[in-house]
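Scroll down for the structure; my scribbles are underneath it.
Computed from the coordinates by the stated procedures, all read-outs in this text should not be read as laboratory data. Just so you know, these numbers come straight off a predicted model, no measurement behind them. Note that we place each Cβ from the backbone using ideal geometry, even for glycine, and neighbour counts take in every protein chain shown.
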Amino acid sequence: MSKLSQDCLIIIFEELEYDVKSLYSCLLINKLWCETVVQTITSFLPPEIKLHLINKDINTHKPLFKYISYLKTLKDTSIVAIAQNTHDKNKFIRELFKMIFNYSPNIKKLIIFSDYVDQELCNIPELRKCFLNVTTLKCYTFVKLDICHNIRYLNIKYCNYDNNPGLITLIKAQKNLKYFKCGFKASYEISCKGIGEALTKQADSILLIHLSCPIKFCCPIFTKFVNLKTLKIDGKIVDKSLMKPNLPNLEYLELYGGYIYEAAIFIKSTKGNLREIRIKHDFHEKNGLMFIQYITQYFPNLKSVALFYQDDHLIIRELEKLFSTCSQLKRLVIVCEDYYNDSYDKLLDTVY
């Protein structure tokens with residue numbers, strides 16, 4: 001207990017405000033405890049007495065460290081929660097942000113889910129130094145932070161614009177972007193040519209791409225990501241994006257609402273490094289045989305896969321080849337067109 005920091009002691013002593021005997025005992029522990037008890041007691045005094053002490057050069061409590069300077073993660077919803085019961089909520093939030101910008105030069109992770117970090121706040125000169133070393137940016141919609149050049153993980157929750165110029169500029173400005181996740185908030189096919197072209201500028205460094213909703217890049221971006229290891233797509237990709245993809249180092253492929261044909265095109269473009277394939281889709285495809293053939297031919301080291309089974313003797317034969325080739329397979333999901341038919345006995349015989 002005697003080795004606690006002064007700030008910890010202050011918190012403890014403040015809980016003893018009405019316990020005079022305990023506070024007196026704490027005075028006698030050592031010099032640090034004595035000084036801290038005296039400082040803490042001054043916080044219990046009426047304002048006029050505090051002012052009198054200050055005029056006599058008797059300091060009231062001051063934190064031992066500038067704790068705000070150690071801030072690594074800034075989440076705006078936490079700031080908003082603090083301001084809930086203040087008299088002027090908006091003013092309080094803005095002033096608190098300004099204080100953080102002034103005294104927090106080491107922020108690494110920035111999470112913005114509200115509208116308080118607007119363009120006016122972004123123009124504050126101190127913000128440039130504060131956000132200079134941000135490596136993770138998450139936000140609902142794009143926030144213009146073109147001063148950030150070291151982002152490694154970029155997550156845009158909802159992109160509402162076909163070609164957001166600010167987002168395009170931000171992507172191009174990064175020195176070592178590795179993870180890009182973006183949700184395109186639309187029920188129609190968004191044309192994302194500018195975003196697609198910006199991503200190709202980062203093709204050498206990007207390791208993960210996660211996209212959602214109908215997307216139309218209007219450019220063959222998947223020919224560029226030679227170092228991509230993880231690809232997740234929640235929605236349909238249309239147009240030239242799928243033309244002759246080149247993903248030699250892809251290890252994980254996940255398609256939601258995608259199709260077996262598109263999955264087959266992706267897996268054919270890899271060089272045998274694929275370890276896991278997940279396709280989340282209702283069974284309506286007739287390309288199950290081609291899909292199994294590609295897996296057997298290109299991925300002997302596959303560890304996890306979902307297969308689409310139809311009542312076809314050719315599929316049974318290809319499954320036999322697959323099981324003999326993919327010796328490292330640990331997880332297998334078989335999606336069937338019907339609840340049950342006579343061919344399932346053959347399927348079970350092949351599996352076991």
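Summary table
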quantity	calculated
Sorted peptide list for 86-97, 290-301, criterion being average Cβ within 10 angstrom, highest first	290-301, 86-97
Extension gain (nm, one decimal) between Arg278 and Lys181, 0.36 nm per residue minus Cα-Cα	33.1 nm
Built amide H within the under 5 Å cut-off of Ala306, gap 5+	Ile277, Ile279, Val333
5 angstrom amide H check on Cys159, placed H, neighbours 5+ away	Gly183, Phe184, Lys185
Built amide H within the under 5 Å cut-off of Tyr256, gap 5+	Ile233, Asp234, Gly235, Lys280
Distance violations [Cα-Cα > 18 Å] among Lys224/Lys244; Lys229/Lys303; Lys72/Lys109; Lys268/Lys330; Lys138/Lys280	Lys268/Lys330; Lys138/Lys280
